[in-house]
Amino acid sequence: MPLFMLGLNFKPVFETGGAVSVEGIGIWIAALLTLGIYSFLYKDNFVYKFSEYLFVGISAGYTLVLTFHKYLKPSLIEPLQEYSRDFYHIITSSSFPVVNPWMLDWQTQLIANKFGTQFQFIFWFTFKIFIFYLFPAILGLMMISRVIPSAAWLSRFPLATIVGYGSGIVIVTTLHASVLEQVKASFVSFAPLLHMKGIDWGIIAQSANDFILVFGLCCAIIYFYFSAEHKGVILGPASNFGIWVLMITFGASFGYTVMARISLLIGRFQFLLGDWMQLVK
Amino acid sequence: MDKMALFNGFLIIFFIVLFVLLIVMGQTLRTSLFLRRKLPLAFCFIMGVTMIFQFFIPPENSLYKEIEDLSTKWIQIISSFALVIGLISLVTMNFNKISRKYEDWQYSIVLLLGFFITIFYGLRDGFEGKEFDFIFNYMYVPMQSTMFSILAFFVASAAFRAFRARSREATLLLTAAVIVMLGRVELGSVIWSYIPVVSRYFDVSELAQWINTVFTTAGQRAILLGASLGYIAASFKILLGIERSYFGSEE
């Protein structure tokens, strides 16, 4: 039975003139893949597996394309192309400073002033290419050596570089943003409460919130303090309250995560019912 | 032939030769303890100290900019090559699965087809290509959001099992989650209005906001402080060569 007889008006694959609609085909593919993935809610089946494997393949391909065009090309390939082009002109020219179609007058003058001789220029050029581009490329190739077990130890050099870079950055930025700034933000002022004239419920509520925040923070930190047993008049109750604060935090985070997933789910249903089945405008 | 194409060809050959030389060098020098252990540690230390040193240079100084530029470029280039290892592993694993006819080997063909078609159009035309655009808009994006949205069902079923209020702590967790969920949508306010007594004194969206600004801030700040101090300590251990697990199982 044709679908329109069931009252359904799916997105057409052909345009009114009879030509194939790319958008129509795209929407049909997207809808079938979406339903394929949702079919897992019933049970694991071949349609889900097909969609899942296709998703992994396309994701991996997309990540490679993204990395190539966003990072590798502008950071390595294009600069090497540009430098090689200029380098070729320098070594093939009989006079120095060289004038080539890519260099403006002031650039030519700058090179002449800065480097004086052609030899110095070539030396600086090579040095810069090596430090900026070839050396990290060699480290990158060393990383790939991991696939050959007898030479896998070479990958320690790029790993050490990345880990060293990350550690160095972390020490300063984390200390600043996640420790000092957080501690600074926790020093709340109760001056408005102390200097309040009459009863101002706004100030009282704000101060109460600030107090709960700081008290809750201290208790939660006490909970993470494992050098002493959580017993006694201070550590015991404080640690217990710290657990409550953390539980409320986890509960709230869970709530936010669920809502984010639900909004994605609504988005998919809007696509299926709107773009594909054209039931919702 | 186009000069750029010639250059690109030359570049590929150059990198292949360089890779072969590196492998030969790696196999020849693999017994050297200095190269295998001490020099990588020195690399790590120098890189880390340089990054710390960078923060003590005023940002308007050209040296600051140069260190930042150089380190960013290096990390971008090395990370790009690191991705290749993951992809080599993915492709070889699936080729093996197909050639040895392991269970579900047919789906590996789908994976490899998806992978190679995407990289073919993506590398050939860039982001502007019609085919790549089609794959991105009608396959990648819908599948990605569906995969994430399907988690809503699993989260709900996990919550059903985990959120039974068996203790005071579990009750707190459950209450906070329910209030936050109700406070985020219009329907939540309607449901809230049916709860006796409490709904008369408190507005659910304000209550959710209050939980977020007071309790969540306190809890997350405590976790952040603890994790950051641990992170900094681990970073020092790495820079000083005490922590070497990233070297691999041999160490």
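Numerical summary
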read-out: Candidates B:Ser193, B:Ser149, B:Ser108, B:Ser157, filtered to the one that is at pLDDT 95 or above and either touching a Pro at 6+ places or on another chain (Cβ under 8 Å) or of a type in the set (Ser, Thr, Tyr) (or both); value: B:Ser108
read-out: Residue, surrounded by the most Cβ atoms within 10 Å (Cβ to Cβ), within the range A:126-152, restricted to residues that are more than 12 Å from B:Phe15 (Cβ to Cβ) and among the hydroxyl-bearing types (Ser, Thr, Tyr); value: A:Ser145
read-out: Pairs where the first residue, in the range B:226-250, is in contact (Cβ under 8 Å) with a residue 60 or more places away in the chain and the second is outside any loop (DSSP other than H, G, I, E, B) and among the charged types (D, E, K, R), C-beta under 7 Å, 6+ apart; value: B:Phe247/A:Arg156
read-out: Subset of the range B:216-231 [of a type in the set (A, V, I, L, M, F, W, C) and in contact with a Ser or Thr (Cβ under 6 Å, 6 or more places away or on another chain)]; value: B:Leu224
read-out: So B:Glu68, is it free of Cβ contacts under 8 Å to residues at least 40 places away in the same chain and surrounded by fewer than 14 Cβ atoms within 10 Å (Cβ to Cβ); value: no
read-out: Members of the range A:164-217 that are within 30 Å of B:Leu39 (Cβ to Cβ) and touching a helix residue (DSSP H, G or I) at 6+ places or on another chain (Cβ under 9 Å); value: A:Gly164, A:Tyr165, A:Gly166, A:Ser167, A:Gly168, A:Ile169, A:Val170, A:Ile171, A:Val172, A:Thr174, A:Leu175
read-out: Residue list for the range A:177-191, restricted to those being closer than 19 Å to B:Thr217 by Cβ and either among the aliphatic types (A, V, I, L, M) or within 14 Å of chain B (Cβ to nearest Cβ) (or both); value: A:Ala177, A:Ser178, A:Val179, A:Leu180, A:Glu181, A:Gln182, A:Val183, A:Lys184, A:Ala185, A:Ser186, A:Phe187, A:Val188
read-out: Count - residues of the range B:167-201 that are within 13 Å of chain A (Cβ to nearest Cβ) and either under 15 Å from A:Phe250 (Cα atoms) or surrounded by fewer than 16 Cβ atoms within 10 Å (Cβ to Cβ) (or both); value: 18
read-out: Cross-chain or 6+ apart pairs with Cβ under 6 Å, the range A:7-31 first and farther than 18 Å from A:Phe269 by Cα and of a type outside the set (A, V, I, L, M, F, W, C), then in a loop (DSSP other than H, G, I, E, B) and modelled with pLDDT of 80 or more; value: A:Glu15/A:Ser21
read-out: Sole residue being among the hydrophobic types (A, V, I, L, M, F, W, C), out of contact with any Lys or Arg (no Cβ under 8 Å at 6 or more places or on another chain) and touching a residue at least 12 places away in the same chain (Cβ under 8 Å), chosen from B:Ala176, B:Ala158, B:Ala208; value: B:Ala176
read-out: Exclusive hit being closer than 18 Å to A:Phe135 by Cα and either in contact with a strand residue (DSSP E or B) (Cβ under 8 Å, 6 or more places away or on another chain) or surrounded by fewer than 18 Cβ atoms within 10 Å (Cβ to Cβ) (or both), set B:Leu35, B:Leu87, B:Leu29; value: B:Leu35
read-out: Residues being over 17 Å from B:Ile223 (Cα atoms) and surrounded by 13 or more Cβ atoms within 10 Å (Cβ to Cβ) - total across the range A:214-230; value: 1
read-out: Any hit, the range A:136-150, residues being among the aliphatic types (A, V, I, L, M), more than 10 Å from chain B (Cβ to nearest Cβ), part of a helix (DSSP H, G or I) and over 22 Å from B:Gln220 (Cα atoms); value: no
read-out: Subset tally (residues that are among the aliphatic types (A, V, I, L, M) and either at positive phi or surrounded by fewer than 18 Cβ atoms within 10 Å (Cβ to Cβ) (or both)) for the range B:38-51; value: 4
read-out: Pair list, Cβ < 8 Å and 6+ apart or interchain, from the range B:3-21 residues that are assigned by TED's automatic domain parsing to the domain that holds B:Phe81 and at negative phi to residues that are charged (D, E, K, R) and surrounded by 11 or more Cβ atoms within 10 Å (Cβ to Cβ); value: none
read-out: Any hit, the range A:192-213, residues being part of a helix (DSSP H, G or I), crowded, with 18+ Cβ neighbours inside 10 Å and at the interface with chain B (Cβ under 7 Å from one of its Cβ atoms); value: yes
read-out: Every residue from the range A:237-281 that is of a type in the set (Phe, Trp, Tyr) and over 24 Å from B:Leu151 (Cα atoms); value: A:Phe241, A:Trp244
read-out: Residue pairs meeting the criteria (Cβ under 6 Å; at least 6 apart or on separate chains; first at the interface with another protein chain (Cβ under 7 Å from one of its Cβ atoms) and of a type in the set (S, T, N, Q), in the range B:111-135; second part of a helix (DSSP H, G or I) and surrounded by 20 or more Cβ atoms within 10 Å (Cβ to Cβ)); value: B:Thr118/A:Ile58; B:Thr118/A:Gly61; B:Thr118/A:Tyr62; B:Thr118/B:Ile135
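Yes or no, residue by residue, for (1) modelled with pLDDT under 95; (2) at positive phi; (3) assigned to a strand (DSSP E or B); (4) under 27 Å from the mean Cα position of the chain (by Cα):
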residue: A:Phe40; (1), (2), (3), (4): yes, no, no, no
residue: A:Tyr53; (1), (2), (3), (4): no, no, no, yes
residue: A:Val56; (1), (2), (3), (4): no, no, no, yes
residue: A:Tyr62; (1), (2), (3), (4): no, no, no, yes
residue: A:Lys73; (1), (2), (3), (4): yes, no, no, yes
residue: A:Leu76; (1), (2), (3), (4): yes, no, no, yes
residue: A:Glu82; (1), (2), (3), (4): yes, no, no, no
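The values are calculated or read from the model by the stated rules, or taken from the named source; none is laboratory data. None of the values given here were measured: they were computed from a predicted structure. Note: ideal-geometry Cβ built from the backbone for every residue, glycine included; neighbour counts use all protein chains shown.
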